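The values are calculated or read from the model by the stated rules, or taken from the named source; none is laboratory data. Keep in mind the model is a prediction, meaning the values are calculated, not measured. Positions of Cβ are backbone-derived with ideal geometry, glycine not excepted, and every protein chain shown enters the neighbour counts.
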Amino acid sequence: MRFDPESKHGANNGLNIARDLLEPIKQEFPWISYGDLWTLSGVAAIQELGGPKIPWRPGRVDGLAAQCTPDGRLPDASQGSDHVRNIFYRMGFNDQEIVALLGGHALGRCHTDRSGYDGPWTFSPTSVTNSFYKLLLEEKWAWKKWGGPKQYEDKKTQSLMMLPADYVLVQDKNFKKWVKAYADDEDLWFKDFSASVARLFELGVPTQQFVAAEPWILKNTDEKN
């Protein structure tokens, strides 16, 4: 994501804000690769915001501009279940892992000046919980009446949103069974989310390239001596 045109792909809009925040760390510790820095930052964010431990190890080597991937290889929020499966199946993830990964939408929100969509998915967008799944099942959702792209809003408060690619998780029978499982059992989701994120963060990296044979489990700031 460091080079054009990949950094300008629609699915990467707004990520420059996070990259810029991390750049001073890269300048202070130039020996760390961007791939390691960005994935480690993701691990830290998940863990410090109340999520599960994410196994992680260093060893990613940064690519060159000529190695940028073409546009269209990341999920399109406006699409349905076939598209979602095609994107994730290509990376080797199954339906269970797809649903587990999308639970990461418990964090953050959409911004009109980045994705075009607007609003948070949950009432606690700075906490990692299974509320994304609970809200999908428990709330009534309707198309938002506005001038932006098609998105859902909760009927009760009209303050939450779901993307079309989120809502297919309750429209598709095989996806929905995992939504129900994770809504009922946060510990189960934490376990599956941790494993799926760890695998996502190592995709495409040769095993022999890592500096450790097994991933590390890193302590949170409140656990350190």
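Quick look at the numbers
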{"quantity": "Residue list for region 211-222, filter: out of contact with any helix residue (DSSP H, G or I) (no Cβ under 8 Å at 6 or more places or on another chain), over 19 Å from S127 (Cα atoms) and either part of a loop (DSSP other than H, G, I, E, B) or at pLDDT below 95 (or both)", "calculated": "V211, A212, A213, E214, I217"}
{"quantity": "Residue in region 55-73 that is under 17 Å from the mean Cα position of the chain (by Cα), hydrophobic (A, V, I, L, M, F, W, C), crowded, with 16+ Cβ neighbours inside 10 Å and closer than 22 Å to D166 by Cβ present", "calculated": "no"}
{"quantity": "Some residue of region 74-97 being in contact with a helix residue (DSSP H, G or I) (Cβ under 9 Å, 6 or more places away or on another chain), in a helix (DSSP H, G or I), of a type in the set (K, R) and more than 18 Å from A198 (Cβ to Cβ)", "calculated": "yes"}
{"quantity": "Neighbours by Cβ (under 7 Å, 6+ apart or cross-chain): first from region 2-16, within 20 Å of V61 (Cα to Cα); second surrounded by fewer than 14 Cβ atoms within 10 Å (Cβ to Cβ) and among the small types (G, A, S)", "calculated": "F3/A65"}
{"quantity": "Residue in region 88-97 that is touching a residue at least 24 places away in the same chain (Cβ under 8 Å) and at positive phi present", "calculated": "yes"}
{"quantity": "In region 117-155, the residues that are aromatic (F, W, Y), in contact (Cβ under 8 Å) with a residue 24 or more places away in the chain and either in a strand (DSSP E or B) or under 26 Å from D82 (Cβ atoms) (or both)", "calculated": "Y117, W121, F132, Y133, W141"}
{"quantity": "Any chance W56 is assigned by TED's automatic domain parsing to the domain that holds V205, aromatic (F, W, Y) and touching a Pro at 6+ places or on another chain (Cβ under 7 Å)", "calculated": "yes"}
{"quantity": "Residue in region 52-73 that is at pLDDT 95 or above, among the polar types (S, T, N, Q) and not in a loop (DSSP other than H, G, I, E, B) present", "calculated": "no"}
{"quantity": "Filter result for W31 (exposed (fewer than 12 other Cβ atoms within 10 Å of the Cβ) and not in a strand (DSSP E or B))", "calculated": "yes"}
{"quantity": "Helices (runs of 4 or more DSSP H) wholly inside region 156-209 that include at least 2 residues being more than 20 Å from N86 (Cα to Cα) and free of Cβ contacts under 8 Å to residues at least 12 places away in the same chain", "calculated": "173-184, 186-202"}
{"quantity": "Residue that is loosely packed, with under 12 Cβ neighbours inside 10 Å and in the same structural domain as N94 (by TED's automatic domain parsing), where the choices are G147, G204, G116", "calculated": "G147"}
